[in-house]
Structure formats: C-alpha cells, structure tokens
1. Tell me which of these A87 doesn't satisfy, since it passes every other one: (1) assigned to a helix (DSSP H, G or I); (2) open to solvent by 80 Å² or more (accessible area, probe 1.4 Å); (3) at pLDDT 90 or above.
2. Just to be sure before I move on: is S59 over 18 Å from R80 (Cβ atoms) and either at pLDDT 90 or above or open to solvent by 50 Å² or more (accessible area, probe 1.4 Å) (or both) in the structure I sent?
3. Kindly list, by first and then second residue, each pair from a residue in segment 1-25 that is of a type in the set (F, W, Y) to a residue that is at pLDDT 90 or above, limited to pairs with Cβ atoms under 8 Å and residues at least 6 apart or on different chains.
4. Give the residue that is farthest from V5 (Cα to Cα), with candidates limited to residues of segment 62-84 that are open to solvent by less than 10 Å² (accessible area, probe 1.4 Å) and among the hydroxyl-bearing types (S, T, Y).
5. Every residue in segment 51-78 that is farther than 18 Å from E89 by Cβ and in a helix (DSSP H, G or I), please.
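The values are calculated or read from the model by the stated rules, or taken from the named source; none is laboratory data. Being a predicted model, the structure only gives us computed values, none of them experimental. Glycine also receives a Cβ, built like all others from the backbone with ideal geometry; neighbour counts cover every protein chain displayed. Only protein heavy atoms, including side chains, enter the accessible area calculation; ligands, DNA and RNA are left aside. Shrake-Rupley method; radii C 1.70, N 1.55, O 1.52, S 1.80 Å.
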Amino acid sequence: MTAKVTEKCDVYSFGVVALEVMMGKHPRELLESSSSNNRELLLKNVLDKRLLPPTGKLSAVVVLVVSLALSCTRTCPESRPTMRYVAQELSTKCATSLLQPLWTASINKLARDDKIEKNHISY
C-alpha cells in the first residue's frame, strides 16, 4: 500500500502464498472478509477440494501452516510474526503434534492463535 518494501511485506506475501497453496485458489475473499464473517468458518471448508482431506499427522501440519499463514496476513504489519519465527515453527512443530484437530479448527480461532500473538512479534 505504501510502496515501501519491508520485511513485513515479505511476511504478508508468504502468508498469502501459503494460504493459496492450502486453498487451491487466491485467498482474497478470506483475507477481505471481516473476522465476524469467519467466526464459524471451518478450516476443512476452505481447503482445496481437489485433494483428499489430510489425515493423521498431515492434518496437524495443515492446521499449523494455515495458522501461521493467517498470522502472517494480519492487517497490522507490526502484529505479524517474523519469517525467522515462522521458519522455526515449521521446522520444530512439524515434527510434533500440535494445536487442534483439523476438522474442528475454525478460521477465526487460527487467525487469533494466542501462542503466535503473544510470543513472537517483532517490532
């Protein structure tokens, strides 16, 4: 928007690309809609329908990737995590179990994950 390239622009772009991969289309509607519209929207309903639903450990990784992507696309650049944090989360948590089952994960909950919100914001 400001035509000034910053690290937070790169973080946002990563989030958009990650969501696009998971959804099978550009996440424009998801990003433009208000959080109240996403309150009851389940993650399983926005994933790419052309692919088989992920199960087991893969579903946990999907939840992690979407949660991180949503944190990267927050409206306020200062509230986005650093790419270092995103990379660390992907490398460490993909090896362990995490957040919540895929089929019960809501977009609103993932977008407001307190663990990402409180611990790893770079100003």
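1. Going through the list (1) assigned to a helix (DSSP H, G or I); (2) open to solvent by 80 Å² or more (accessible area, probe 1.4 Å); (3) at pLDDT 90 or above, A87 breaks only (2).
2. Considered against the rule, which asks whether it is over 18 Å from R80 (Cβ atoms) and either at pLDDT 90 or above or open to solvent by 50 Å² or more (accessible area, probe 1.4 Å) (or both), S59 comes out as no.
3. Filtered contacts from segment 1-25: Y12/C72; Y12/T73; Y12/P77; Y12/R80; F14/A69; F14/C72; F14/M83; F14/V86.
4. Among them, the one singled out is S67.
5. Hits for segment 51-78 are G56, P77, E78.
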